[in-house]
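Have a look at the structure below before the remarks.
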Amino acid sequence: MTTRIGVVTFPGTLDDRDSLRAVRLAGAEPVSLWHRDKDLHQVDAVVLAGGFSYGDYLRAGAISRFSPVMETIIEQARAGLPVLGICNGFQILTESHLLPGAMLRNNHLHFICRDQRLRVENAETAWTSDYSAGQEISVPLKNIDGRYVADERVLDELEAEGRVAFRYLGTNPNGSLRDIAGITNAEGNVVGLMPHPEHAVEPLIGTGRTDGLPFFTSIIKKLVAA
């Protein structure tokens, strides 16, 4: 049975096609999901792709969080559906309270676009099991509202529970607290990060490396094993 992974398109989403391609390259069936459709069409996992949904009005992800498709995603994520939020998708996950914290304007107040080194901190989630803890990877980063913040209590909980999934290496690109680039929920089925693994899945594009592909192969192996 083919693994089906859905990718949601909101008004202003930019990277849905890249995410669909990454899903296909990893060996799963990509399924396009529309923001106004509550039906997830029997997908086994969902990717919230990057972009500027609804033009980032109010706050990045604040309006998308109330799209009809999110009502279903929130309900099913709490029941165990694997969900990956990339960049704007991460912002939507925090706005939906599927992940703690918030995303603010970069501390230098500029849009940033560059290849970014990361360290894998948690290789036991549904989306990271094809990595090794401590592994260093490089994937593209592009954002203006990429500064992850949370209060000290939440940050301490994330650290203590091993829920920091990725950390920036080298110069912190946006002022994220404790160099956090991505986090997971306690169950490990919901992961959000600001860098773009879907842009690092084949040698001809992105970084020229395939460091992002294990996100998509990890979830396929997880679903097949289940």
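Quick note: the coordinates plus some simple rules give every number you see, no bench work behind them. Here the structure is a predicted model, which is why all the values come from computation and not from measurement. Cβ placement follows ideal geometry from the backbone for every residue including glycine, while neighbour counts extend to all protein chains displayed.
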> Of all DSSP beta bridges in the stretch 4-225, what percent run antiparallel (nearest 5)?
Replying inline: 55
>> Taking the alpha-carbon distance from LYS142 and a cut-off under 17 Å, which aspartates and glutamates remain once sequence neighbours fewer than 8 residues away in the same chain are dropped?
In response: ASP15, ASP16, ASP18, ASP56, ASP115, ASP179, GLU198, ASP211
>> Report, to one decimal in Å, the Kirkwood hydrodynamic radius for the chain based on all distinct Cα pairs.
In response: 16.9
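Please work out how much length the chain gains when fully extended from PHE66 to ASP39, using 0.36 nm per residue of separation minus the C-alpha to C-alpha distance, in nm with one decimal.
8.2 nm
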>> If the elastic network links every pair of Cα atoms under 10 Å, which of ALA200, ALA133, ALA49 fluctuates the most in the Gaussian network model of the chain?
In response: ALA133
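Mind listing which chymotrypsin sites (Phe, Trp or Tyr not before Pro) in the stretch 74-159 are in a DSSP loop and have 14 or fewer other Cβ atoms within 10 Å?
PHE111
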> Can you list residues whose amide H is under 5 Å from LEU169's amide H, if they're 5+ apart or on another chain and H is modeled 1.01 Å from N?
Replying inline: ARG117, LEU118, ARG119
